[in-house]
Amino acid sequence: MDKLLEQFSFGLFFWQALLFIGLLLLLRKFAWKPILGAVNEREEKISESLDLAEKTKQEMQALQTQNENLLKEARAERDSMIKDAKEIASKMVEDAKGKAKEEAEKVMVSAHESINSEKAAAISELKTQVAAFSIEIAERLVRSELSAADKQKALADKLAEDINLN
Amino acid sequence: MNKLWKILLVAVALIPAVSFAKHSTEGEAHKAELTKEEHRKLNTEYVKHHTLDSHDFGLFTNEETGTHIGFPLPVILWDDGLHVFMSSAFHAEEGNEHGVAESKGNYYLIGHHDGKIYSCDEHGTILEDVSEDADGKEVVSEIKPLDLSITKNVFSTLLICLLMFFLFRSVAKSYKTGLAPTGVAKFFEPIILFIRDDIAIPNIGEKAHKKYMVYLLTVFFFIWFLNLAGMTPLGINVTGNIAVTAGLAIFTFLITNFSAKKDYWMHIFWMPGVPVPMKIMLIPIELVGMIVKPFALMIRLYANMLAGHIVLGSLIAVVVYFDSYLAKGAFVGLTFFMNIIELLVAALQAYIFTMLTALYFGSAAAEHAHEEAH
């Protein structure tokens, strides 16, 4: 212990303390503060970036789900639209078909009617014509018959017989 | 790494031109005439001498011619006035066989046994002061002026301080270009972060550690670099000097006590959670502990570094001592191995000093968080 104390050099202690304090102050200003500041800044930046990345990821996910939903909705809408269109189209076709049928029926009916009326007209005309022809034939026949007296008598008899029979 | 080399070059260039000086002639006794006993003693002296501080920066000694290669350093003394001269004035030469330096009418010489400066007369006789102690006995003490010289250790510390300043300033500058480390910062940033994340934060706490970081970082690199400087063949032994470690320990002590919060003082003067008689008994123990902690810091670093130097010096002396080349080779190997261990110890001691300092700061900065453990 005595030897330790004897070896203790005050001059060295003094200079070393002075140099150390000087070094401490200089390094604080020129080294440690900027270094620790830069390191802290970087660490903050890194953690911020990580947070941002996480946030972005979540946003992306949200966006993706949103997109998917939108897509789904759009798809559903499209499907329903297609379905509607199909329905409308088939209805239209049905309608058109029905109308055409109706029309055709109508046409047929009117055709039938006109045919019938034509037919009736033609028949009545034919009847009158036939009647006229028969009258003419009968007239000619009667005239030729009546040209002979017996024939006139026979006819008159026959006619009378017919009337009697009636 | 380019920048680091530049800084090292600057540091080397700062060393003034190497001068040659012829030292005392007493070491000229021929080696061959020495007995084994004397040889052993000489080696012991040699190793011891190399762990001590000195007033000039010796680089190389040729014992056969007594030539020392190195450069002188300024001597600053306070002896009823300021005396400043270069240590080359102590060199023994023709007309000044005892190596007496003269300044403003006072004479000084360096004591051979401890390397300290003593007041003397012009013939080299050390002046003595006779005083009476408390019992009335006469006490004879040699007169020593107050020595504030720039010694080898002060000079080495100055160099290391300059190196550290330029080195860490360049580290700091490298962050200006971008936040990613470049150059030397790539090497030093993990160490700085290690001190912050594994020493400061676990021991002091997330919130309080910031104000202690400057001291912890400086003390770690200061000790580490000086330890490494001690590994160079220049024979620097700064951290193995008790004045240096005492200075560092005192800083830790002062910072601990001046930054201490209420809880720290509570633990010393009124230990919570124990009965009152125990509280009173614990006061002196805690007070002693307050002093012992930095004292242990001082002794640990000093003893470790000094022991490392002595072991390495002894092993090198053994290499010279043996005649057999086989033994020489074996001890060169052992010395190499010890060197690697010392390299580890250099970092380890810096780590331990910083770690324990952080631990003491932690106890000073603790606020209630510690209380919950009781």
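Here are some notes:
- Most fluctuating residue given options A:Ala154, A:Ala111, A:Ala53, as computed from a GNM of chain A linking Cα atoms under 10 Å: A:Ala154
- Dipole moment magnitude, nearest 20 debye, chain A about Cα centre, only Lys, Arg, Asp, Glu C-beta charged: 780
- Cα-centred dipole magnitude for chain B, charges only on beta-carbon of K, R (+1) and D, E (-1), debye, nearest 20: 2440
- Equivalent-ellipsoid semi-axes of the protein assembly as shown, from the Cα gyration tensor, Å, largest first: 129, 30, 20
- Compared with the dominant principal axis of the Cα atoms in chain A, helix A:10-27 is inclined by about 20°.
- Note on B:His123 and A:Lys99: their simple-model spin labels are 15.1 nm apart, each label 7 Å out from Cα toward Cβ.
- Relative pair counts by distance (%), Cα atoms of chain A, 5 Å bins: 2, 5, 4, 4, 4, 4, 4, 4, 4, 4, 3, 3, 3, 3, 3, 3, 3, 3, 3, 3, 2, 2, 2, 2, 2, 2, 2, 2, 2, 2, 1, 1, 1, 1, 1, 1, 1, 1, 1, 1, 0
- With contacts taken as Cα pairs under 8 Å at a separation of at least 6 residues, the stretch B:72-150 carries a relative contact order of 28 percent.
- Sequence-distant aspartates and glutamates (8 or more away, or on other chains) whose Cα lies within less than 18 Å of A:Lys153: A:Glu139, A:Glu145, A:Glu161, A:Asp162
- Separation of the alpha carbons by more than 18 angstrom is noted, of B:Lys48/B:Lys116; B:Lys176/B:Lys211; A:Lys29/B:Lys173, for B:Lys176/B:Lys211.
- Among the listed pairs B:Lys207/B:Lys261; A:Lys83/A:Lys106; B:Lys261/B:Lys293, those with a Cα-Cα distance over 24 Å are A:Lys83/A:Lys106.
- Per the Debye calculation on the stretch B:72-150 with a single equal scatterer at every Cα and no solvent contribution, log₁₀ I(q)/I(0) for q = 0.25 Å⁻¹ amounts to -1.22.
- Each Lys or Arg adds one and each Asp or Glu subtracts one; over the other residues with Cβ under 12 Å from the Cβ of B:Asp197, this totals -3.
- For A:Lys99, the lysines whose Cα comes closer than 20 Å to its Cα, not counting residues fewer than 8 places off in the same chain, are A:Lys86, A:Lys91.
- Charge tally in the Cβ shell below 15 Å around A:Leu19, where Lys, Arg are +1 and Asp, Glu are -1, A:Leu19 excluded: +1
- Over all other residues within a Cβ to Cβ distance under 15 Å of B:Ile299, the charged ones net out to +3, with Lys and Arg as +1 and Asp and Glu as -1.
- Cross-link reach list, lysines versus B:Lys328, counting only Cα pairs under 19 Å and skipping chain neighbours closer than eight places: B:Lys31, B:Lys36
- Sorting the segments B:236-245, A:130-139 by their residues' average number of neighbouring beta-carbon atoms within 10 angstrom, most packed first, yields B:236-245, A:130-139.
- Among complete DSSP H helices in chain B, those whose alpha-carbon atoms stretch at least 20 Å along the helix's long axis and whose mean Kyte-Doolittle hydropathy reaches -1.0 are B:152-177, B:213-231, B:242-258, B:276-321, B:325-365.
- Here the dipole of the stretch A:1-79 is about 360 debye; that uses its Cα centre as origin and unit charges on the Cβ of Lys and Arg (positive) and Asp and Glu (negative).
- Where GluC sites (Glu not before Pro) in DSSP loops with at most 14 other Cβ within 10 Å are excluded, longest remaining stretch of chain B: B:207-366
Every number here is computed from the coordinates shown, using simple stated rules; none is lab data. Computed from a predicted model, the values in this text were never measured in an experiment. Positions of Cβ are generated from backbone atoms using ideal geometry, with glycine treated the same way; all protein chains shown enter the neighbour counts.
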